[in-house]
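K.L.:
Sharing a structure with you now.
Read the figures in this text as sums done on the coordinates, not as results from a lab. Everything numeric here is computed off the predicted structure, so don't read it as measured data. When we count neighbours, we look across all protein chains shown, and the Cβ atoms used for this are built from the backbone with ideal geometry, even at glycine.
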Amino acid sequence: MTAGELTLPIFPTESAGGRVFEGLVAAHERMVLRTAYRLLGGLEDAQDAAQEVFLRLFRNLGRMGGDPKAWLYRVTVNVCNDHHRRRMPVAELDEHRADPAPDPERAVTLDERKRLLMDGLATLPERERTSVVLRDIEGLSTAETAAILGVEEGTVRSHISTARVKLAKYVRSRQ
Amino acid sequence: MTCPECELLLADDEADASVEDHLHGCAKCRALQEELRENALALSSLRDDELPRVRTPKRRPAIPWIAAAAAAALLALIAHQASQRRPIVETLPRQVAAPATVTAKLAPAPAAKLAVRSKPKRARRNAPVAEPLLVKMLTPDPDVVVYWIVD
């Protein structure tokens, strides 16, 4: 990752636990930082969140069972949601707002679309935003996303469908 | 099927064939379908995008600030000392410019002491060296007058 370096607390790495920790950080640093960035929309906030995630990882090395990747996704989502709640609330998209007619002459470039989608993500409710980030950006399955969020698959599908429609209308309204 | 129902089905990963009939007759939902498809591509490509760099302000070395602070403190000290000396600087050159005579009565002893402590040395230090300062001291005896010439 070429973004700013992640500053982590210094832990004793001579021990077996230290080496495990180092290995997990090396393997998942990019994933955690990328997910935090998509959820929070800012790199500095994402770096703060990633530090918090790895701090929790270190504290829970012995107690963390199962797949560390799923555990890290879950903690990243929780940390980012906490972070997001502390910030100023943003106006949510109105699903029932009049759908503006798109300009057929106006073609949105891929970069523009990505930027609009990132802007639109910030306006989504927490569950919808998290579902889209995990499912559509991170490429996890509906089942994996549901396991990370601790909800039923049907709930995730519902959140994702609603969020995708909102994002599509958001992008179209700004073309 | 209504448009809102069709929209949610189009956005679902497991959309069924029931939307096809609606799409044939609804240009708005067809446009949304295309929008959803392009968004899905854009979202999935976000995963491989590099994150932007954090712009950290460059730190200037602290030494120039320390030097500036020291210079400011030195100037303030000089200004303070100059303001303390100003009355002497302002009055004494006038006395020196035209050879002045300072008269002091020695009759009461403290007065004589006071006259003697008229800081002539400071005057000499601050004044041009051209003219001496003449101090005339009166004594209780009217026939005795003491003159003090200060270089």
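K.L.:
Which GluC sites (Glu not before Pro) from region B:1-41 combine a DSSP loop assignment with at most 13 other Cβ atoms within 10 Å? It would help to have the intermediate numbers written out before the result.
P.N.:
Working: sites: B:5, B:7, B:14, B:20, B:34, B:35, B:38; in loops: B:14.
Listed in order of number, the matching sites are B:14.
K.L.:
Oh, and also: Can you compute the FRET efficiency between residue A:60 and residue B:48 using 1/(1 + (r/R0)^6), with r the Cβ-Cβ distance and R0 = 41 Å? Round to the nearest 0.05.
P.N.:
Plugging the Cβ-Cβ distance into 1/(1 + (r/R0)^6) gives 0.85.
K.L.:
Let me ask something else about it. Only counting other Cβ atoms within 10 Å, I'd like A:159, B:80 sorted with the fewest neighbours first.
P.N.:
The most exposed by this proxy come first: B:80, A:159.
K.L.:
So, one more: Taking the Cα centroid of region B:22-37 and of region A:140-175, what is the distance between the two, rounded to the nearest whole Å?
P.N.:
Using only Cα atoms, the two centres lie 19 Å from each other.
K.L.:
Moving on. 5 Å is the cut-off here: which amide hydrogens, built 1.01 Å from N in the peptide plane, fall below it relative to residue B:51, excluding neighbours closer than 5 in sequence?
P.N.:
Excluding prolines and chain starts, which carry no amide H, the hits are A:2, A:3.
K.L.:
Provide the per-residue ³J(HN,Hα) series for region B:72-82, in order, calculated from phi with Karplus coefficients 6.51, -1.76, 1.60 and θ = phi - 60°, each as a whole number of Hz, with x at glycine and proline positions.
P.N.:
With the stated coefficients, region B:72-82 comes to 5, 5, 5, 4, 5, 5, 4, 4, 5, 5, 5 Hz.
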